[in-house]
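Take a look at the structure set out below.
The values are calculated or read from the model by the stated rules, or taken from the named source; none is laboratory data. Because the structure is a prediction, the values reported are computed rather than measured. Every residue, glycine as well, gets a Cβ built from its backbone with ideal geometry; the counts of neighbours run over all protein chains shown. Protein only, heavy atoms only, side chains kept; ligands, DNA and RNA dropped before computing areas. Shrake-Rupley method; radii C 1.70, N 1.55, O 1.52, S 1.80 Å.
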Amino acid sequence: MSDREFIKLAKIAEQAERYEDMSDYMMQYMNLKETSVADPESRNLLSVAFKNVVGAKRSSWRILSALKDQHKGRESEPVLNDYTEKVVAELKNVCNTVLNLLEDIIKKVPSENTDALVFYQKMKGDYYRYLAEVAKDTERDEVLEKSSAAYESAKTESSKLPPTHPIRLGLALNFSVFYYEIKNEPQKACELAKEAFDDAIAELDKLQEDSYKDSTLIMQLLRDNLTLWTSDTAEVIGDEVEDN
């Protein structure tokens, strides 16, 4: 099957909301020797596919975690615990699949292709962050450190991009969520989000038309999170905190 056929199938799978199929097609596409991993269309399709696959499992885990708290001491508690562990195992499997793929992809990205390098390093940070949400003890410490390292690497590289660039803004959004939700450092989260928002506002007049919609949407998400985090009643509620 040719590379373009994988792209076509991935788009069809997306329309049919068959995201596991979509992720399979994009993995096969990315593993082709002649494919361009830096191509914006293909990397966005890869991101959308796996974000939907892992997003469903993260949502299930949150619901089951809440149910576990409600059923403590009840007869149903062991069953809920076992089922939650099943979902956690599935979530970890997806994350590790993506992370292994990203290791190979990042090696193929030309060093001068800044936006692709930032995109994939950010994605790497995201999937280690998802692992940190469900990991415990030493395992959590390890994936937390790897998530932070990936985000920091992306942040360093992103300084070569304009402050209004949607990939740079998306990185700031997700890195700040990492500090707020995973590291429990709200001050650092607010600093990151505010710096990115203020820098983008200062150069808003230079924003390119083709990225205006994406950039302004992420800026709105940054502002929404800042409003939530700085309010007196702010709570760490995953469903309310926006990421990209």
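Of the residues making up the range 200-229, those that are surrounded by 13 or more Cβ atoms within 10 Å (Cβ to Cβ), over 16 Å from PRO162 (Cα atoms) and not hydrophobic (A, V, I, L, M, F, W, C) number 3. For beta carbons closer than 7 Å, sequence separation of 6+ or different chains, a first residue in the range 68-91 that is modelled with pLDDT under 95 and a second that is part of a loop (DSSP other than H, G, I, E, B) and open to solvent by 80 Å² or more (accessible area, probe 1.4 Å), there are no qualifying pairs.
Just one of the listed residues (ARG58, ARG43, ARG62) is in a helix (DSSP H, G or I), more than 23 Å from ASN100 (Cα to Cα) and touching a residue at least 40 places away in the same chain (Cβ under 8 Å), namely ARG62.
Filtering the range 197-214 to residues that are at pLDDT 85 or above and either more than 19 Å from LEU171 (Cα to Cα) or touching a helix residue (DSSP H, G or I) at 6+ places or on another chain (Cβ under 6 Å) (or both) leaves PHE197, ALA200, ASP214.
Does TYR128 satisfy being in a helix (DSSP H, G or I) and within 17 Å of the chain's Cα centre (by Cα)? Spelling it out, TYR128 is indeed in a helix (DSSP H, G or I) and within 17 Å of the chain's Cα centre (by Cα). Could you tell me whether LYS86 is open to solvent by 50 Å² or more (accessible area, probe 1.4 Å) and under 28 Å from HIS165 (Cβ atoms)? Answer is no for this residue.
Checking each residue in the range 126-156 for being over 25 Å from VAL87 (Cβ atoms), among the hydrophobic types (A, V, I, L, M, F, W, C) and open to solvent by 10 Å² or more (accessible area, probe 1.4 Å) picks out only ALA149.
Residue check: is ALA193 touching a Ser or Thr at 6+ places or on another chain (Cβ under 8 Å) and farther than 30 Å from LYS86 by Cβ? So ALA193 fits the description; yes.
Please indicate, with yes or no, whether at least one residue in the range 157-180 is open to solvent by 60 Å² or more (accessible area, probe 1.4 Å), under 26 Å from TRP61 (Cβ atoms) and at pLDDT 95 or above. Within the range 157-180, not a single residue is open to solvent by 60 Å² or more (accessible area, probe 1.4 Å), under 26 Å from TRP61 (Cβ atoms) and at pLDDT 95 or above.
Residues in the range 9-39 that are touching a residue at least 24 places away in the same chain (Cβ under 8 Å), within 16 Å of TYR120 (Cα to Cα) and open to solvent by 20 Å² or more (accessible area, probe 1.4 Å): MET27, ASN31. Out of VAL37, VAL48, one residue alone is under 16 Å from LEU99 (Cα atoms) and part of a loop (DSSP other than H, G, I, E, B). It is VAL37.
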